[in-house]
Each structure stands twice: as structure tokens, then as C-alpha cells.
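Peer 1: My questions all concern the structure below.
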Amino acid sequence: MSEKPLTYADAGVSIAAGNALVRAIAPLARATARPGANAEIGGFGGFFDLKAAGFDDPLLVAANDGVGTKLKLAIDTGLHGGVGIDLVAMCVNDLIVQGAEPLFFLDYYATGKLEPEVATAVVASIAEGCRIAGCALIGGETAEMPGMYAEGDYDLAGFCVGAVERSAALTGDRVAPGDVLLGLASSGVHSNGFSLVRRLIERNGWKLDRPALFDHDRLLGEALLEPTRIYVKSLLSLARRNRFHALAHITGGGLLENLPRVMPDGCRAIVDVDSWPLPSLFSFLQAGGAIEPEELARTFNCGIGMVAVVAEDDADDVASELAAAGETVFRIGRVEAGDKGCTVRGTAGTWSARSAWTADYDG
């Protein structure tokens, strides 16, 4: 007796489901159209016209990133509507710190078995992130790979290209002793440190579907999954007018390890953590793991998602303009002459039960 002929569906891959997903997300992509891109999905590649976008002497800047183990919380809670914003934010915030305007975005969604409802929710949030950032979603890839992922799991990666006029590129070379550090508030944990967050959840038995102890109006899972803030539109106009000496996106490594990335030789960032309130979410995480202040500062953004380095004479005006754009701004420190790196200092009233603490990082 002859064996039944095998199909791709028998191997666990549904071509029909993939085609249905493309049809579902095409209108989402079209909604992100902008000058230079028509944001159509379905071809072999996406076109972008730099001339139509208004650039004269552009430098292209590219970034790629993922969401990390924050995805496990989204999968465990069934709350998929923000992780696409995280994906876009991690890329576009890395572009704006170079002064670059994000132009177009492509995503990669991989799973063991395609669940169209989940995939559509994720791509819809990617499109929303692109809308917030002002870039076009011009393409992507959906990979259904049976045996590669546990049931219900998926992974995301994103790729973004931006452009900046050569004269407006931010390289950090203008940073000098006496400059002021302006911290822009984060929206939460953003997308770094979630391996530690998940360890705390497991160890303490925290229930993601219960109200958060630090915010009774939200479930703990919702608070932890708050999407990463996208700073592009608040910063772009100021960057084009050369109002920043540097910008630093505070991601993995926190303030300690990200500020040195924009410090030239002979400049050291000095951060005073008493200059802004530690959000209750981070106090909750710190208490849940008896996390030392230096570890907290090295793992999480601690309430500051972006830092602008500006001249002392410009600090008040820049802070006012950022506040008018919707940002919460704190004057968190200064640049001093010294070895390239960062020093973060705190007292008992902020992050620690100890009387005072100092953490240094030499970049």
C-alpha cells in the first residue's frame, strides 16, 4: 500500500495562513506611508526615495535590534499589543541619537506555528510604532519553523534605516566639560533587564494577572509590558538645529554603560540620582530582589530612557522645548574633565538603604 503524499501543511507549515497574514497586515503597512516610501507589502524588497524625503547631502544610519525576553511575558500574559512598539523603539531611538530621522523599517517574525491572530496583533503594534516614529513599514519576513520554537513562542527582530544631513550628524565630538546632562523620563522598564525581571517573578511568585502593588489601577503584567517610549519626534527638530552636543539611549547597561559611549576622551559623565525620583516600579523590583544600587543602575534605565548632553547656556531653553513636546525632563548631572566614563552617585533617600553610594564605569 502506497504512503499518503505529504504536503507542506503535513510538515507543520501553512502557506494559506501565511498568505492570509500578508493580506491582513497590508493595510497596516500602507497606513505608515511617508514621503519617500509608499509602504506597500508583498514585493521582494522595499524602495525608498531619499530625494523625495527632502535630503540634500545625507548620511545613512542603520540599526537593528530585538525585544528580548520581554516577549516571554507577552506570551505568558497574552498581551501582544505593545511588543511591536518596543521593537521599533529599540531601533529608532538608536538612530535619533546620531541625529538621524528614521525612514523605513522592516521586521522579522519567527514562530513554530503561525497563529494569525497573534501575528496580526504583533504586526499592528509594529505599524503603530512606525507611525509614532514617523517611519514607513516597507517590508518584513514571517518564518514558520516547526520544531524550532516551543508551542506558542515567537521571536522578533527589527531593522531600521535613517538619514541625517552630514552637517547635523551627532558624534559626541562637541561634548566638553561643563555640559549639562538632561534626562528624559522612561515609560517603564522598556526592553532591557527582563531576564532579571522574570527571575524575580519566579522567585517571588508574583502574579501577572493581579494588580501591581505599586499601581493598583494596573495589572502587574500590564505595567511590566508598558511599551518603550519613542523619543524621535521630540528630539528631531532640536537635533536638526544642532542644539545637542550628544544623545544617549539608555538601554542594557543603564546610565553607567551608555553615557560613556558618547563621551570623548577627557570627559566624564557625573550623574546625581537624587535629581529625579526613582519610579515606584523600579523600587518594587529592587525590593523584590534586594538588588544593590550599582546593579540596579547597570541593569535598568531607572526612570531615564534618554539623555541629552547640552551646553550650559542652552540647558534651560532645551529643557523647556522638550517639555513642550511632551517629555518629562530632569537635570541629572554634568560633564567633568577626567577619564572617559561615567560616575553615578546616590544617597539613602533615593536608591539605597545605605547612607551613600557611588558607581563608576570607565568606557
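The values are calculated or read from the model by the stated rules, or taken from the named source; none is laboratory data. Model, not experiment: these values are computed from the prediction. Backbone-built Cβ (ideal geometry, glycine too); neighbour counts: all protein chains shown. Just so you know, the surface numbers come from the protein's heavy atoms only, side chains and all, with ligands and any DNA or RNA stripped out. Shrake-Rupley method; radii C 1.70, N 1.55, O 1.52, S 1.80 Å.
Peer 1: Which one, N301, N258, N242, has the greatest fluctuation when you compute a Gaussian network model over the chain with C-alpha springs under 10 angstrom?
Peer 2: In the Gaussian network model the winner is N242.
Peer 1: What is the helix-to-structure angle for 116-133, meaning the angle in degrees between its Cα long axis and the longest Cα principal axis of the chain, kept from 0 to 90 and rounded to the nearest 10?
Peer 2: For 116-133 against the chain, the angle is about 40 degrees.
Peer 1: Give me the lysines in straight-line cross-link reach of K70: C-alpha distance below 23 Å, same-chain residues under 8 apart excluded.
Peer 2: Within the straight-line cut-off, K70 pairs with K113, K207.
Peer 1: Right, another one. In percent, how large is the relative contact order of the stretch 219-308, given Cα pairs closer than 8 Å and 6 or more residues apart?
Peer 2: Relative contact order, the stretch 219-308: 41 percent.
Peer 1: Any idea what angle helix 83-96 forms with the longest principal axis of the chain, computed on alpha-carbon atoms, 0 to 90 degrees, nearest 10?
Peer 2: That helix lies at roughly 50 degrees to the long axis.
Peer 1: Give the accessible surface of the chain per residue, rounded to a whole number of Å², with probe radius 1.4 Å and ligands, DNA and RNA excluded. Intermediate results must be reported in sequence, preceding the final value.
Peer 2: Numbers: 16250 Å² over 363 residues.
With all protein chains present, the chain gives 45 Å² per residue.
Peer 1: Give the relative contact order (percent, whole number) for the chain; include only Cα pairs under 8 Å separated by 6+ residues. Don't jump to the answer; show the numbers that get you there.
Peer 2: Values: 810 pairs, mean separation 71.0, N = 363.
Once normalised by length, the contact order is 20 percent.
Peer 1: Separate question: Treating only the Cβ of Lys, Arg, Asp and Glu as charged (+1, +1, -1, -1), what charge dipole size does the chain show about its Cα centre? Round to the nearest 20 debye.
Peer 2: Values: 30 positive and 47 negative charges, 64 e Å.
Around 300 debye, computed over the chain.
Peer 1: Can you show me the helix-derived [θ] at 222 nm for the chain, built from DSSP H runs with n ≥ 4 at -39,500 (n - 2.57) apiece and divided by the number of residues, rounded to the nearest 500.
Peer 2: Dividing the helical sum by the residues of the chain leaves -9000 deg cm²/dmol.
Peer 1: Moving to a separate point now. Take the alpha carbon gyration tensor of the chain, find the square roots of its eigenvalues, order them as a ≥ b ≥ c, and report rounded if a/c is under 1.5; if not, report prolate when a/b exceeds b/c, else oblate.
Peer 2: Cα axes put the chain in the oblate bin.
Peer 1: Whole-Hz ³J(HN,Hα) for each residue in the stretch 203-216, computed from phi via Karplus 6.51 cos²θ - 1.76 cosθ + 1.60 with θ = phi - 60°, x for glycine and proline: what do you get?
Peer 2: For the stretch 203-216, the Karplus-derived couplings read 5, 8, x, 5, 9, 5, 9, 10, x, 5, 5, 8, 7, 5 Hz, x marking Gly and Pro.
Peer 1: Let me check something: with ligands and nucleic acids excluded, how do W206, W357 order by accessible area (1.4 Å probe), largest to smallest?
Peer 2: Order by accessible area, largest first: W206, W357.
Peer 1: When a/c is below 1.5 the answer is rounded, else prolate if a/b is larger than b/c, else oblate, so apply that to the stretch 117-182 with a ≥ b ≥ c taken from the square roots of the Cα gyration tensor eigenvalues.
Peer 2: Prolate.
Peer 1: Compute the Cα gyration tensor for the stretch 98-224, then decide on rounded, prolate or oblate, letting a ≥ b ≥ c be the square roots of its eigenvalues: rounded whenever a/c is under 1.5, prolate when a/b is larger than b/c in the other cases, and oblate in all that remain.
Peer 2: Since a/c reaches 1.5 but b/c is at least a/b, the shape of the stretch 98-224 is classed as oblate.
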